[in-house]
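Shown next, in structure tokens, is the structure this report addresses.
The values are calculated or read from the model by the stated rules, or taken from the named source; none is laboratory data. Everything numeric in this text was worked out from a predicted model, so none of it was measured. Note that we place each Cβ from the backbone using ideal geometry, even for glycine, and neighbour counts take in every protein chain shown.
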Amino acid sequence: MVKPKIALVGGGQIGNAIAHLAALRELGDVVMFDIKEGLAEGKCLDIAEAAPIANFDVQLRGDSDIGCIAGADIIVVTAGVPRKPGMSREDLIEINARIMVTVAEGIKTHAPDAIVIVLSNPLDAMVTLCQKLTGFPVERVMGMAGVLDSARFASFIAWELGVSVRDVNALVLGGHGDAMVPIVRFANVNGIPALELLERKYGSAEKARQVMAELVERTQNAGGEVVDLLKTGSAFISPATSAISMVEAVIHDQKRLLPVCAMLSGQYGVSGYYVGVPCILGAGGIEKIVEFDLTDDEQSLLDHSVAEVKKLVDSLPI
Ligand code: APR
């Protein structure tokens, strides 16, 4: 059987980590394109030379010509500038939109049948731009944000409760900005509501709600927390790991239910905008957008997050 072809557009911190993870898991052959001469070639060579030790057998090839993505089954876009301390994701819009214009053109020309996962920030705007400029069907163009935001929320809950991260389930919906919406009602440890466990830990419902509010706030600001510590860029291992779980869901047709930045057409009261919602991911890309009833409070938090997404998208130069 022919191995899937995974194309990475952008070979910086996140692109490099994705290439490494894709190789370790033998998800397919990897091509990496980066505009910086030699960068993608060097990164791929470095990873490829680890193969005999790490025991993976896939091809990795880097190039500074976007033609290398030809025939890709799946493309992950991380081309763009990351934030520095003091910057919001929204501050990146102008420069990264210009980059997305050339990237989308390249994808449309060289890999017209690919499924595309966008990571470049501000995510909700960049994925919108990518879909509009490629003209690809919406189920084939999606953004990665919710998997990462949910993993961050799950991590904070696990650390607070002193339980394994394996047993925590958490879901974050909405835009990939500070107004993202962690769904507290669904946060649980192997089915037991996290709020109830917090109440037992602290012996007070009020204190439990206060601690949960702190975990929610930390989740909303988690990207910035890393940026402030690194000072030179933004998180890369956790975004790459999140992207890989989406790549794997598509390549292995896993029908996973994951929070994905998807184009909505009426779901959750939103039409014509990309927003993070639960989706079934499989070989066809976004095979289904999954709906469930939000409480009035959750709906108003989502409406607020969507309003932020709209502001951002409507400010795009296209
Ligand atoms: N085509 C291809 N690659 C490009 C282009 C382009 N037109 N423009 C820039 N790049 C490359 C850069 O050369 C760089 O190697 O994109 C890469 C970005 O890598 P980093 O600066 O290390 O950024 P990274 O941490 O990987 O984040 C990439 O994802 O999560 C978002 O906010 C983050 O927007 C940022 C993006």
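Computed values, structure above
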| item | result |
| --- | --- |
| Yes/no for residue 310 being modelled with pLDDT of 95 or more, among the basic types (Lys, Arg) and closer than 21 Å to residue 121 by Cα | yes |
| Qualifying residue in the range 44-64 (condition: touching a residue at least 12 places away in the same chain (Cβ under 8 Å), among the acidic types (Asp, Glu), farther than 30 Å from residue 310 by Cα and outside the structural domain of residue 251 (by TED's automatic domain parsing)) | yes |
| Residue count, the range 110-131 (criterion: in a helix (DSSP H, G or I) and either in contact with a helix residue (DSSP H, G or I) (Cβ under 8 Å, 6 or more places away or on another chain) or within 9 Å of the ligand (Cβ to nearest atom) (or both)) | 9 |
| Among (1) within 17 Å of residue 71 (Cβ to Cβ); (2) out of contact with any Ser or Thr (no Cβ under 9 Å at 6 or more places or on another chain), the one test that residue 20 misses | (1) |
| Counted residues, the range 208-264 - those being of a type in the set (A, V, I, L, M, F, W, C), touching a Gly at 6+ places or on another chain (Cβ under 7 Å) and loosely packed, with under 15 Cβ neighbours inside 10 Å | 0 |
| Spans of strands (runs of 3 or more DSSP E) in the range 10-82 with at least 2 residues more than 22 Å from the chain's Cα centre (by Cα) | 60-63 |
| Condition broken by residue 25, with the remaining ones in (1) at pLDDT 95 or above; (2) basic (Lys, Arg); (3) within 15 Å of the ligand (Cβ to nearest atom) satisfied | (3) |
